[in-house]
Every structure is written in structure tokens, then in C-alpha cells.
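What follows is one structure encoded as C-alpha cells, with my remarks underneath.
The values are calculated or read from the model by the stated rules, or taken from the named source; none is laboratory data. A quick note: this is a predicted structure, and the numbers were derived from the prediction, not measured. Reconstructed Cβ throughout: ideal geometry from the backbone, glycine too, with neighbour counts over all protein chains shown.
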Amino acid sequence: MNSLDWIVLIAYFGVMIAIGVWSHKRVDNVSDFFTAGGKMPWWLSGISHHMSGYSAVMFTGYAGIAYQFGVTSFVTWSLPIAIGIGIGAKLFAPRLNRLRSRLHVSSPLEYLKNRYDVKTQQALAWSGLLLKIVDVGAKWAAVSTLLSVFTGISLNQGILITGVITAVYCTVGGLWADALTELGQFIIQLLAGVAMLVAVMAKLGGFSALWTVWDKLPDGHADPTAGPYTVTFLVAFLFIKTFEYNGGMWNQAQRYMATANAHEATRSARLSAILWLVWPTVLFFPMWCAPLLVHAQKADASDSYALMTEQLLPHGLLGLVVVGFFSHTMAMCSSDANAISAVFTRDIAPVLAKSARSWSEKAGLLAARVSTISFLALSMAVATQVNSPTFKDIITVVIKWVAGLMGPIAIPFMLGLLKTFRKSGPTAALVSWAAGLFAFYLVNYPIDSHVDGGVGLEYQVSVPLVVSLILFIVIGYLKPEATPARDVLLARINGQGDGDGSDITAASLDLPGQAGPSDAKVLGGRDGKDG
């Protein structure tokens, strides 16, 4: 990078901070900070949902997969995400929106206290919080790896720079700042991705390279599945990402909650699904062609995209692509920070301290901002250890740890929204969660070490989810725990109860931070185009 590239990078950071400061004016209470007060346009929510699913791992870990195995990087990653979000557009998005529009909650997990019990809520909240610290730590490490390639600064310095800037805008402006910066980041990434695509095509013979390059690439580069990314892995990943990207890891759930009503949430999900289907092909094509242009120096080829960028792009555009790396990572990390802050202040803090149950709006906002900074600091500390023997490397953390552990946390949360599983109560939720985590430990460590060649990646990530799913359903039938109160709750989440006398009151639900037993405030009511 030269001075022109640095100007582009510094200007980008400045704009992100300015958006955060401007967004500060739109945040008057906790609801604004965590769910944009339900005022976010569906198209902004959709773009934000899409952008919050990316990070620099796309340009390091998945670039390495594209370099080594080719098209399977798209078929076994972004394609199942697009399909999963498309499924969730009608199944989960409207129900998640009703958590805010009908129950008036600010955290995705707030409803779990009444859907199950406090123990279940706390188990999912704490385990998800710890997993997200590791997950976001991997994202910081990924973007810092790229920054070190281009600038020569150390990994720890890169982690500190990106973390501090992200902390400024997402702490000041909340979800509004996240969404607006993600819109700007989407535009930047659009320009950077197209620039890289054009540069690669020009190097390989022009527009015709889109169909002529395949004969020159290594054998099997066009195969839809390859290496450890098998058909079994693809099916497992589809199930995992259907839960994760429809709200299982909370930050995407907030995008649906932030729209005005259930109909708008569905439109938001559909836009995100289309973007996931189309845009990654633009980003991946240069990565698929990388073996013809550069020789990766790292064993996992995670440096291939950075090397190709240095070789092909002039200064200025080089800086723009580096900004694109930052844009995806900062979008994902800031959205995760906001979601974790919501869960901590709305779900965990009221259980830890009685005073948290009666926080004023000012105190609640302060707690939200302090917890956001704390989460970012912890994830940055973890980022310095991502390449240690404990975690092995970036892609291992992201694929194996996050995909493998996400299922047991997401199953009770996501399926708890559906009336089909009304009989599955606290026992089913806790047992399925605990058994899923234990299954992850078994297949990744004791069993893996005693199997020749180790347990396949597809089983490492899928077994925990399958165990949790089966136990959640079976225990629900063997020990049904449906109650009238839970049935009323599910009726409201599933779009029923308007004007039929089944509105839920704060007194009956006793939601953390909401009205107390003496308050008859109704948490029901119509939410517009309800689908």
C-alpha cells in the first residue's frame, strides 16, 4: 500500500465513525439501540442482514478453499445459506418480528423465559455469548491477517485498530449505526468486488474467461463437492445455516425484529437470500482463478486472495479492496456485538442483579454501551490466540467450532417459535442443549483422536445439531410440557390472537425490564401487514 491506498482506508474509517455519531441522534432508548425501534425499512434490513453474515474469513479461509477445491466453496457455503434464508423468510422471519411488535421485547432471547423457563434462557444466553466471543475473535484475526499482508503491521496492531474503530460507531449508534454502515460497506464492497473481477478477467483474456478458464484450472476445480466438503457436509451445512442465518446466532434475528411488521421482515429475508445467491459468485470467481495467477505461500492458501490483489490492482483500487475486507468484518462483528449486548442487558443482567430489572432508559442505554465495549474487548483478546494450537487456525474456528456448537444453542430458540413443537418444554430444551454440546466434544476430541484419519468434518459439524434436534422433538412427545400460558404466547408469535381476547399482558409474562405485576399494559395488538 502507498499513500493513496492509506488515504482511501483512513477516509473509510472516518466515514464509519461519522455514521455512528449521526446515528446517535436516532437512539433515545434501549429499543432504538437494539431493534431500531421497529422503524428500519425492509430493504435496509435485508442489506444489513446480508452484510452481517460476511467477514474477512471470506477473503482468507474461504479464499483458501476456493484456491484448493474450486466451485465447492460456493456450493457448500453461500448456496446453502441462500436456500436456508429463503426457507426462513416465511418460517422464521415473521415470527421473530412479532417478538418485538407483539411482545415488545428488545432481545431475541427475552421470550425464552416464558416459552421455557429462566434456567433455559440463561443456559442458551451464556453458551451463545461464550461462543460468539470465540467466533468474533476469529473474524478479527482474519482481517488482521489481511492487513498484515498489505501493510506489514503486526496482527495484534491490526486487531486493535479494527476493534477500536468498530467499537466507536456501534457503541454510539446501536443497530441504526450497524445497518447504515453496512449499507455503505455494501456499496464499497460492490465497487471493490467488481474491480477485482474485471482485473482477473482482463489478465485471463477478457470477458470470455468466464467460460474458457475452466480447462486451464486444476482437475476437479468445477466439481460441486470436493475434498472434505462432501454431499453429506452440504446437507449438514444447509440445516445448520438455516438455523444460524435465520436468527439462531441472534444478530440476524435483530434485523427481522427491526422492521415495522412481519410482512416487511419476510421481504427483508427474501432480499438477503437473493443477495447470497448472486453476489458471492462475483467474489468467488477471482478466487477460483487464483491458481493460474499466484502461488499461495500458506499451507491452507488463506493468503491467495491478498497476493492476487497486490499483483493485479493499481494503488487506489488496492486500498478500496482492503476497505472491502474491513467492511465485511466490521459489519459482522458490530452486529454480533449489538446482539450480545442485547442478550446480556435484557436476559443475563436482570437475573444476576435485581437492580437491572428496573433500570431507567438512561441506565439501560449506558449498560448496553458498556456491555458492547466489553464484548468487543474480550473478542479482541481471543483474536490474539486464534492461531494457537488450541484453535489451530481461522477456518477451523469458523467452520468447526461455530457450525458445530451453533446447533445445540439454536434448536430450542428457533423451534420454540413454532406451534408444531408446543409440547417441547424446559426439559426438552435443556436436555437437547446439553446433549448437543457433549456430542460436539465427543466427535471432535475423544472419538476423533481414536479414529484412523479422524472424524470427517461433515460429522463434526452435523452430529451435535442432529442429536439436539432429535432429543428436542422426542422428549417433547415423551414428556409434553405445554401449558395454557405457553400456548397463548405461541399463538401471538404465530400470528393469532388479534382481538380475540388472547392478548398477552406484561403481568402474565413478567418480561425482564417490562411492566411489573401491577401493570396491565397489553403487549399484544396488530402489527400491520402480518402475512
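I want to confirm something. Restricting to the stretch 54-80 and keeping residues that are in contact with a helix residue (DSSP H, G or I) (Cβ under 8 Å, 6 or more places away or on another chain) and surrounded by fewer than 24 Cβ atoms within 10 Å (Cβ to Cβ), which single residue is modelled with the lowest pLDDT? Can you show your working first?
Step one: filter the stretch 54-80 for residues in contact with a helix residue (DSSP H, G or I) (Cβ under 8 Å, 6 or more places away or on another chain), giving 54-67, 70-80.
Restricting the remaining residues to those that are surrounded by fewer than 24 Cβ atoms within 10 Å (Cβ to Cβ) gives 71, 74-75, 77, 79-80.
Numbers: VAL71: 94, PHE74: 94, VAL75: 94, TRP77: 90, LEU79: 95, PRO80: 94.
Going through the qualifying residues, I end up with TRP77.
When you go through ALA36, ALA11, ALA18 one by one, which is the residue that is under 30 Å from SER107 (Cβ atoms) and without any contact (Cβ under 8 Å) to a residue 40 or more places away in the chain?
On the way: ALA36 fails: without any contact (Cβ under 8 Å) to a residue 40 or more places away in the chain; ALA11 fails: under 30 Å from SER107 (Cβ atoms).
Among ALA36, ALA11, ALA18, only ALA18 is under 30 Å from SER107 (Cβ atoms) and without any contact (Cβ under 8 Å) to a residue 40 or more places away in the chain.
Could you check GLN122 against (1) surrounded by fewer than 24 Cβ atoms within 10 Å (Cβ to Cβ); (2) under 16 Å from MET249 (Cα atoms); (3) in contact with a Phe, Trp or Tyr (Cβ under 9 Å, 6 or more places away or on another chain) and say which number it fails?
(3)
Every residue, every condition in (1) of a type in the set (Lys, Arg); (2) free of Cβ contacts under 8 Å to residues at least 12 places away in the same chain; (3) not in a helix (DSSP H, G or I), yes or no:
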{"site": "VAL278", "(1), (2), (3)": "no, yes, no"}
{"site": "GLN297", "(1), (2), (3)": "no, yes, yes"}
{"site": "ALA301", "(1), (2), (3)": "no, no, yes"}
{"site": "HIS315", "(1), (2), (3)": "no, no, yes"}
{"site": "SER334", "(1), (2), (3)": "no, no, no"}
{"site": "ASN338", "(1), (2), (3)": "no, no, no"}
{"site": "VAL351", "(1), (2), (3)": "no, no, no"}
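Being over 30 Å from PHE413 (Cβ atoms) and polar (S, T, N, Q) is true for just one of THR212, THR266, THR230. Which residue is that?
Numbers: THR266 fails: over 30 Å from PHE413 (Cβ atoms); THR230 fails: over 30 Å from PHE413 (Cβ atoms).
Exactly one of THR212, THR266, THR230 is over 30 Å from PHE413 (Cβ atoms) and polar (S, T, N, Q), namely THR212.
Among the numbered conditions (1) without any contact (Cβ under 8 Å) to a residue 60 or more places away in the chain; (2) surrounded by 19 or more Cβ atoms within 10 Å (Cβ to Cβ), tell me where PRO446 comes up short.
(2)
Of the residues that make up the stretch 198-215, is at least one farther than 14 Å from PHE92 by Cα, under 23 Å from the mean Cα position of the chain (by Cα) and surrounded by 19 or more Cβ atoms within 10 Å (Cβ to Cβ)?
Of the residues in the stretch 198-215, the ones farther than 14 Å from PHE92 by Cα are 198-215.
From what's left, under 23 Å from the mean Cα position of the chain (by Cα): none.
No, the stretch 198-215 has no match at all.
Go through (1) modelled with pLDDT of 85 or more; (2) farther than 16 Å from ALA177 by Cβ and name the single condition TRP6 misses.
For TRP6, the exception is condition (1).
Restricting to the stretch 18-69, what's the tally of residues that are under 30 Å from LEU292 (Cα atoms), β-branched (Val, Ile, Thr) and part of a helix (DSSP H, G or I)?
Within the stretch 18-69, residues that are under 30 Å from LEU292 (Cα atoms), β-branched (Val, Ile, Thr) and part of a helix (DSSP H, G or I) number 2.
Are any of the residues in the stretch 301-309 more than 30 Å from ASP215 (Cβ to Cβ) and buried (at least 20 other Cβ atoms within 10 Å of the Cβ)? Steps first, please.
Of all residues in the stretch 301-309, those more than 30 Å from ASP215 (Cβ to Cβ) come to none.
Checking the stretch 301-309: not a single residue is more than 30 Å from ASP215 (Cβ to Cβ) and buried (at least 20 other Cβ atoms within 10 Å of the Cβ).
Does GLY495 satisfy the condition of being closer than 18 Å to PRO228 by Cβ, outside any helix (DSSP H, G or I) and within 29 Å of the chain's Cα centre (by Cα)?
On the way: closer than 18 Å to PRO228 by Cβ: no; outside any helix (DSSP H, G or I): yes; within 29 Å of the chain's Cα centre (by Cα): yes.
In short, no.
How many residues are farther than 30 Å from LEU175 by Cα and basic (Lys, Arg) when one looks only at the stretch 301-360? Give the steps one after another, and end with the answer.
So in the stretch 301-360, the residues farther than 30 Å from LEU175 by Cα come out as 301-316.
Pick out the ones that are also basic (Lys, Arg) and you get none.
Total meeting the criteria: 0.
Checking the conditions here, which among THR232, THR242 is surrounded by fewer than 23 Cβ atoms within 10 Å (Cβ to Cβ), part of a helix (DSSP H, G or I), at pLDDT below 90 and of a type in the set (S, T, N, Q)?
On the way: THR242 fails: at pLDDT below 90.
From the options THR232, THR242, the qualifying one is THR232.
Go through the stretch 191-215 and give me each residue that's in contact (Cβ under 8 Å) with a residue 12 or more places away in the chain and out of contact with any Cys (no Cβ under 9 Å at 6 or more places or on another chain).
Within the stretch 191-215, LEU191, ALA192, GLY193, VAL194, ALA195, MET196, LEU197, ALA199, LEU210 qualify.
Can you list residue pairs whose Cβ atoms sit under 6 Å apart, with the first residue in the stretch 248-271 being on the phi > 0 side of the Ramachandran plot and the second being part of a helix (DSSP H, G or I)? Count only pairs 6 or more apart in sequence or on different chains.
TRP250/ALA339
Quick one: in the stretch 385-424, of everything that is of a type in the set (Val, Ile, Thr) and in contact with a helix residue (DSSP H, G or I) (Cβ under 6 Å, 6 or more places away or on another chain), which residue is modelled with the lowest pLDDT?
Going through the stretch 385-424, the residues of a type in the set (Val, Ile, Thr) turn out to be 386, 390, 394-399, 402, 409, 411, 420.
Now restrict to residues that are in contact with a helix residue (DSSP H, G or I) (Cβ under 6 Å, 6 or more places away or on another chain): 386, 394-395, 397-398, 402, 409, 411.
Values: VAL386: 64, ILE394: 63, ILE395: 60, VAL397: 65, VAL398: 67, VAL402: 79, ILE409: 91, ILE411: 94.
Applying the filter and picking the extreme gives ILE395.
Would the stretch 451-465 turn up any residue that is closer than 19 Å to THR242 by Cα and surrounded by fewer than 19 Cβ atoms within 10 Å (Cβ to Cβ)? I'd like the intermediate steps shown before the answer.
Taking the stretch 451-465 first, the residues closer than 19 Å to THR242 by Cα are 457-465.
Okay, now just the ones that are also surrounded by fewer than 19 Cβ atoms within 10 Å (Cβ to Cβ), so none.
Checked the stretch 451-465: no residue is closer than 19 Å to THR242 by Cα and surrounded by fewer than 19 Cβ atoms within 10 Å (Cβ to Cβ).
Any residue at all in the stretch 169-190 that is assigned to a helix (DSSP H, G or I), on the phi > 0 side of the Ramachandran plot, touching a residue at least 60 places away in the same chain (Cβ under 8 Å) and crowded, with 22+ Cβ neighbours inside 10 Å? Lay out the reasoning, then the answer.
Within the stretch 169-190, the first condition is being assigned to a helix (DSSP H, G or I), and the residues that meet it are 169-190.
Retained after the next criterion (residues that are on the phi > 0 side of the Ramachandran plot): 174.
With the extra rule that they be touching a residue at least 60 places away in the same chain (Cβ under 8 Å), the set shrinks to 174.
Add one more test, that the residue is crowded, with 22+ Cβ neighbours inside 10 Å, and what stays is 174.
Yes, the stretch 169-190 contains at least one residue that is assigned to a helix (DSSP H, G or I), on the phi > 0 side of the Ramachandran plot, touching a residue at least 60 places away in the same chain (Cβ under 8 Å) and crowded, with 22+ Cβ neighbours inside 10 Å.
For the stretch 286-293, does any single residue satisfy the condition of being part of a helix (DSSP H, G or I), at pLDDT 90 or above and closer than 20 Å to ILE87 by Cα? If you could, list the steps in order and put the result at the bottom.
So in the stretch 286-293, the residues part of a helix (DSSP H, G or I) come out as 286-292.
The next check asks that each one be at pLDDT 90 or above; those that pass are 286-292.
Checking which are closer than 20 Å to ILE87 by Cα leaves us with none.
No; the residues of the stretch 286-293 include none that is part of a helix (DSSP H, G or I), at pLDDT 90 or above and closer than 20 Å to ILE87 by Cα.
Determine which member of the set GLY70, GLY20, GLY61, GLY14 is farther than 26 Å from PHE92 by Cβ and in contact with a Cys (Cβ under 8 Å, 6 or more places away or on another chain).
Details: GLY70 fails: in contact with a Cys (Cβ under 8 Å, 6 or more places away or on another chain); GLY61 fails: in contact with a Cys (Cβ under 8 Å, 6 or more places away or on another chain); GLY14 fails: in contact with a Cys (Cβ under 8 Å, 6 or more places away or on another chain).
Step by step, each of GLY70, GLY20, GLY61, GLY14 is checked, and only GLY20 is farther than 26 Å from PHE92 by Cβ and in contact with a Cys (Cβ under 8 Å, 6 or more places away or on another chain).
So which residues in the stretch 303-344 are acidic (Asp, Glu) and within 16 Å of TYR62 (Cβ to Cβ)? Give the derivation first.
Restricting attention to the stretch 303-344, the residues satisfying the condition of being acidic (Asp, Glu) are 303, 310, 336.
The answer is ASP303, and nothing else.
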